1. Test of understanding: extend the Cα→C-beta vector of residue 127 to 7 Å, then name every residue of segment 242-271 with backbone N under 18 Å from that spot.
2. According to a simple spin-label model (label point 7 Å from Cα along Cα-to-Cβ), what is the distance in nm between residue 289 and residue 67?
Amino acid sequence: MHHSSSSTTTTTTATTTTVNEFYDFLTGSLDNIYNAFHSHNIMSIHFLQLVLSFLQSFHSQLTILVHKLQLPVGGKWLDEYMDDSARLWDICHVLKSGISNMENYCSMGVNMLSMLENNDLNPQISREVLRMITRCQRESVRLEEENKSLLETRIKPISMEFDESALIQSRFNGFHGFRGVLYALRNISSLLLKIMVNGLVYCSNETSLSSVFCQKTTNYNENHIVFGSSFMVSAKRLNDKVKETEEGQNGILLDEFRNTRNITDELKTRFDGIRGLELDFDISERVEKVKNCFEELQCGVENTIVQLDDFFDEIVESRKKLLHL
């Protein structure tokens with residue numbers, strides 16, 4: 001009997017260590033995301049790809065954790081995992097729709113650039129360029145309206161919640177602590193997905209994400225850490241920082257997208273002043289700026305779509321593996 005008790009204690013200790021290692025991994029990753037965002041304070045495509053990479057890592061580590069914990073085959077933990085991964089799948093598909101909508105806008109920018117690069121800009125061609133710039137501006141407005149609709153019709157109905165409270169309820173100890181891990185991942189995923197939705201789809205004060213990604217608050221800090229809550233200190237810090245940047249903002253927050261809009265607006269203003277006269281400014285420098293902005297956006301869009309497709313494949317594989325344990 002003594003041997004059996006000792007064996008059980010050893011198993012419990014190993015399980016707790018494994019679960020705590022996962023929480024430590026969450027904490028370190030969230031700190032890395034915070035540092036990356038704090039350094040530049042913008043929603044760049046590089047930052048959002050980093051956020052997506054960590055989201056992929058969390059999901060991958062969760063699958064590995066299942067095998068380490070040796071959870072009962074076909075247990076309720078599997079139902080909870082399947083529900084959570086389905087929510088993740090749905091929101092990531094909205095992200096893909098939102099960023100895919102930018103492809104047509106990028107194509108228009110490339111066409112505009114082609115005309116600017118390959119023609120001697122006499123007044124007649126300048127008026128044609130002006131029409132292309134105007135179409136490009138209209139496309140950016142249409143794009144934001146379409147993405148706003150995605151937010152309202154496809155994000156709002158999905159139950160995703162960022163809860164600032166810690167894992168204090170005893171029920172989170174279920175499934176050898178795996179229930180707490182699922183809660184943690186669901187919670188942190190909501191925060192990271194919120195960041196990505198604001199950057200790639202739409203951020204609106206009218207359809208506030210506080211009503212989409214509901215937020216509960218609690219009072220705790222680094223000096224009051226309960227079981228599994230150290231990562232929440234890091235999560236809250238990241239959430240607060242992102243909220244500062246988002247406050248009062250509307251539209252797609254992606255920095256590269258906003259850069260293309262600004263440079264296009266600037267170009268439009270200059271061409272508006274021509275009115276049948278010869279160009280009175282050097283176009284080459286501005287063409288280079290337009291080229292850099294649209295190429296950066298287009299490259300980022302394409303790479304992020306590939307990254308999302310890879311993530312979909314990983315989710316499918318993980319669901320298959322855990323379903324057939």
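1. 268-271, by backbone N distance to the label point.
2. Taking the two extended label points, one gets 5.3 nm.
Here, each number is a calculation from the coordinates, and none is a lab measurement. Keep in mind it's a predicted model, so treat the numbers as computed, not measured. Virtual Cβ from ideal backbone geometry, glycine too; neighbours counted across all protein chains shown.
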